[in-house]
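Take a look at the structure below.
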Amino acid sequence: MTITGLAAIMLALALLLVLVSLIQPVARKLEISETVLLALAGIFLGALAALTLHSSTTDAFDGAAETLLDFPVNSESFLLIFLPILVFQGALAIDVRRLAHEAATVLLLAVVAVVVSTALIGLALLPVAGQPLIVCLLLGSIVATTDPSAVAGIFREIGAATRLTRLVEGEALLNDAAAIAIFTILLASVTQHHHIQLGEAALDFVVSFGGALIVGILAGRLTLYGVAALSGLPAAEITLTLALPYVVYIVCEQFLGFSGVVATASAGLTISAYGPSTFRPQVWRFLNELWEQLVYWSGSLLFLLAALLIPRLMIGMTRWDCVLIAIASVAGLAARASVVFGLLPLLASARLSPPVPTPFKVTMVWGGLRGAITLALALAVTENQRVSTSVAHFIGIIATGFVLVTLLLNGTSLRYLVIFLKLDQLSPIDQALRHQVLSSGLTHIAERTEELAEELAFKPSIRKIVTEQIERRADEERAANTFDTALGDRQRVTLALIIIANRERSLLLDIFRIQGLNRRVMETLLRSAEAVVDGARLEGRFGYARALRRRLKPSLRFRVAQMLHHRLHIDPPLMRAMAERFEMLMIAHLVSLSLMRFMRERLEPTLGHRISEIVSEVLGRQRRMLDDAVETLRLHYQGYFEALETRILTQIALRLEGEEYDQLMTEDLITDEIHEELRRDVERRAERISSPLHFSLRHGIENRLRVFPAFRGVPDAVLHDLASEISLHFASPGEVLVRRGKKIRTVYAIVAGLVELHVAEQDIQLGTGDLIGAMQLLRGERLDGVVRTLQFGHLLAIPAPIFLKFLHDYPIVRRNIEQRAAERRQGQDRQGMFNTPLMLTQEGNAASHATPSRAEAQLAPDSDLTVTQKTQD
């Protein structure tokens, strides 16, 4: 009975997957790249199938052989089915923030190297190939694509430097796009017999790349919005990511005329950058595992199916073809070397990218393997009816031979090159840290082993043997430990801050598993945590602190909402932004407490007491900044803050309850039915408290107006009406409220916080109860200084026309202000004989003395202030 049709195809695919599963352990046993072994297996199957069809003794296997050789997959199918998956997963697996620092290097390798390889290979073949220049360049573009799967697999298996793997994988993302774009232009010229206009071709290339980049980013963001809307439906969320690469690839290739590869890569990078803060951690982990499995199947099948075609493509090969293959291979190696060794140092000199060490360069040149995409492009030429037979023969044989040379020569020797260059070893700093961690960790493990062995009643002799082995290892690590000499204090502080920042990100991801937390809040915190990691890695303590300050500054969305509230009295956007800020500060505060504990318990034993003190000081400043921000909001929205604290603690308790039930299930103390019932009960209670909390933004404004001395004597009903006309302003440290020489358009009443007025050579501080701009408005003057906040502040913003009308209707306010100004001047005159800084309490009493200056006239009279005179150098 002969199996035909779809059943034969599915059976062939199933058997190929069985072969793939068998190749992996064999490749690991033989220490050969899986890609190389897959290619060899495909060639063997293709040759065997061809021999079977031409042999009269194997007629029973003719059906299987025909199915393999006539597999219904052409070059278009190769690219359309497999390429979106490979490119998207490659982008998804990349650390986008780390890759951003290597952007110039990656673009050079992905675009410039492709152009140089295409040109050099084409020019090298032109004198000897007997083909026109355009055909030689077409071959150059086909073999310019690199396959990262074999190289990255080898790097990961032997533990090569992560930066080297990142560079190779980053290059591969755009390398295929550049090569396919050039290939498309050259193939059109060959088939349509027209000359290429370089300017027009370059413009098309840029438009194709740029347009695809924009489409990919927009599609990625749209997908993330869809994921957020589908919160709680993991299957639906993951399905969106499966559809995304095919949608952007096909739309760009078929409708927009852009590069489908670039669009797919940019969509994948967008998901990679924002996915961890959009998907729940458990869903994100499963998503990555699923895509890794998909790309393993796709990449393996692609290589096998492409390798099956190699015997067919090599039909008619001559000795001269071997010479041409050798020339092309040497030219390709030389082109790659010229870019890596010639242009990368220029990028480093121009500070466009970090320097790339020479061992990295050697490995990158030798690791430029070609694979299935090259074979698919070569197949596209041989299948094209408008390409002459001689050109198709030339392209098919030389491109296939080029792939075999890189796989069998470079691919099999790359592992040994990496080991020879010692790229599989830890750096001296990492080695020193390893010794430090093991020397302290093994001692702790020995103690725990001793306690557990005693609890489990192991014999003392056996306990002694095992613990002595562990202690002996700890002694060896301590003897080899060069941590104190290998790293200076600055490096250890930077290392500690990087560890702290990564720990913070891990804590946030763990917190994100709690049902009911605001996705936008967690997204903001996770992005800022990644920025903190980058800041610590690039600039040490200063970069870490700068990134933390940026986190606490109001976002663009918050500022826009505040503007709508201030100018148009539209409150809902600011209320939502304030609720998110409340939650963000609360979670950041909880994380900061955990980091302090982590510093004491885990890092101090590793890095030492002195480094611990320095890092604790940095964390202490972070905590004080958070405390200021939290207390400013808690002071005026205490009820809401307590409700938020109650809800977050309840959510934490519910998560702990769920974990306890999971543990009981693991220990077989409850049945599946009971566990499912308990889990549903926890989810129901979590759902009930997950709805957003609401608060009144204007609550208490009237009461806050009453505490200002300037408004003493004003009827409560009038203050009630005034409260409806003013707006709230939440200021962050360093925010400029009024600029020098500007007309006063808003009078600010400080409810909480500290503000500094810089006039001439003096810095004057204003605190709770002060009015900013009131005196200038009374006198019709402009502010002769700059007002900026020193702390997180809560201010009432009173529009200048309303304040002037208020002064006109209620002269008592003007008298209060002028009376306070007179009292202050009298106090200053009594102390005028002293030329020292002046401190005035809110009651106007002098705490120390200063020479009066015009700077004090800038202040409102009812101030809790400090005037500090600057000295001339």
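The values are calculated or read from the model by the stated rules, or taken from the named source; none is laboratory data. Keep in mind that this is a model prediction, so the values were computed, not measured. Virtual Cβ from ideal backbone geometry, glycine too; neighbours counted across all protein chains shown.
Residue pairs whose Cβ atoms lie under 9 Å apart, separated by 6 or more positions or on different chains, with the first residue in the stretch 60-71 and among the β-branched types (Val, Ile, Thr) and the second outside any helix (DSSP H, G or I) and modelled with pLDDT under 70, are THR67/ILE3; THR67/THR4. Among the residues of the stretch 318-362, those identified as surrounded by 18 or more Cβ atoms within 10 Å (Cβ to Cβ) and outside any helix (DSSP H, G or I) are SER353, VAL356.
Right, HIS720: in contact with a helix residue (DSSP H, G or I) (Cβ under 8 Å, 6 or more places away or on another chain), farther than 21 Å from LEU771 by Cα and without any contact (Cβ under 8 Å) to a residue 60 or more places away in the chain or not? Taking the combined requirement at face value, the residue does not satisfy it.
The residues listed here are LEU509, LEU495; of these, the one that is assigned to a helix (DSSP H, G or I) and touching a Pro at 6+ places or on another chain (Cβ under 8 Å) is LEU509. For the stretch 660-677, the set of residues classified as surrounded by 11 or more Cβ atoms within 10 Å (Cβ to Cβ) and either touching a helix residue (DSSP H, G or I) at 6+ places or on another chain (Cβ under 7 Å) or of a type in the set (D, E, K, R) (or both) consists of GLU660, TYR661, ASP662, MET665, ILE670, HIS675, GLU676, GLU677, listed by residue number.
The residues on offer are ARG541, ARG503, ARG567, and the sole one that is at pLDDT below 85, under 22 Å from the mean Cα position of the chain (by Cα) and either surrounded by fewer than 21 Cβ atoms within 10 Å (Cβ to Cβ) or more than 29 Å from GLY620 (Cβ to Cβ) (or both) is ARG541.
From the set of residues in the stretch 403-452 that are of a type in the set (S, T, N, Q), farther than 30 Å from PHE303 by Cβ and out of contact with any Pro (no Cβ under 9 Å at 6 or more places or on another chain), which is surrounded by the fewest Cβ atoms within 10 Å (Cβ to Cβ)? That would be SER427. Yes or no: ALA561 under 16 Å from the mean Cα position of the chain (by Cα), modelled with pLDDT of 80 or more, outside the structural domain of HIS729 (by TED's automatic domain parsing) and surrounded by 15 or more Cβ atoms within 10 Å (Cβ to Cβ)? Against the criterion (under 16 Å from the mean Cα position of the chain (by Cα), modelled with pLDDT of 80 or more, outside the structural domain of HIS729 (by TED's automatic domain parsing) and surrounded by 15 or more Cβ atoms within 10 Å (Cβ to Cβ)), ALA561 does not qualify. For the stretch 457-506, filtering for residues that are free of Cβ contacts under 8 Å to residues at least 12 places away in the same chain and either over 30 Å from ARG98 (Cα atoms) or of a type in the set (Phe, Trp, Tyr) (or both) leaves 14. Among the residues examined, SER266 does not qualify as in contact (Cβ under 8 Å) with a residue 40 or more places away in the chain, surrounded by fewer than 24 Cβ atoms within 10 Å (Cβ to Cβ) and among the small types (Gly, Ala, Ser).
With respect to being surrounded by 15 or more Cβ atoms within 10 Å (Cβ to Cβ) and closer than 30 Å to SER231 by Cβ, ARG680 falls outside the description. Every test in (1) of a type in the set (A, V, I, L, M); (2) at pLDDT 85 or above; (3) not assigned by TED's automatic domain parsing to the domain that holds VAL813 is passed by LEU693 save one, and that test is (2).
Given the condition at pLDDT below 85, in contact with a Phe, Trp or Tyr (Cβ under 8 Å, 6 or more places away or on another chain) and outside any helix (DSSP H, G or I), answer yes or no: does some residue in the stretch 409-427 qualify? The answer is yes, given that some residue of the stretch 409-427 is at pLDDT below 85, in contact with a Phe, Trp or Tyr (Cβ under 8 Å, 6 or more places away or on another chain) and outside any helix (DSSP H, G or I). Counting only residues that are within 23 Å of ILE701 (Cβ to Cβ) and small (Gly, Ala, Ser), the stretch 769-790 holds 3 of them.
Conditions (1) among the β-branched types (Val, Ile, Thr); (2) surrounded by fewer than 16 Cβ atoms within 10 Å (Cβ to Cβ); (3) at pLDDT 80 or above; (4) assigned by TED's automatic domain parsing to the domain that holds ARG581, marked per residue:
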position	(1), (2), (3), (4)
PHE806	no, no, yes, no
GLY832	no, yes, no, no
ASN835	no, yes, no, no
MET839	no, no, no, no
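When the stretch 705-722 is filtered for residues that are crowded, with 18+ Cβ neighbours inside 10 Å and closer than 15 Å to ILE750 by Cα, the ones remaining, listed by number, are LEU705, PHE708, PRO709, ALA710, PHE711. Of the strands (runs of 3 or more DSSP E) contained entirely in the stretch 693-755, those carrying at least 1 residues that are under 30 Å from LEU517 (Cα atoms) and hydroxyl-bearing (Ser, Thr, Tyr) fall at 727-731.
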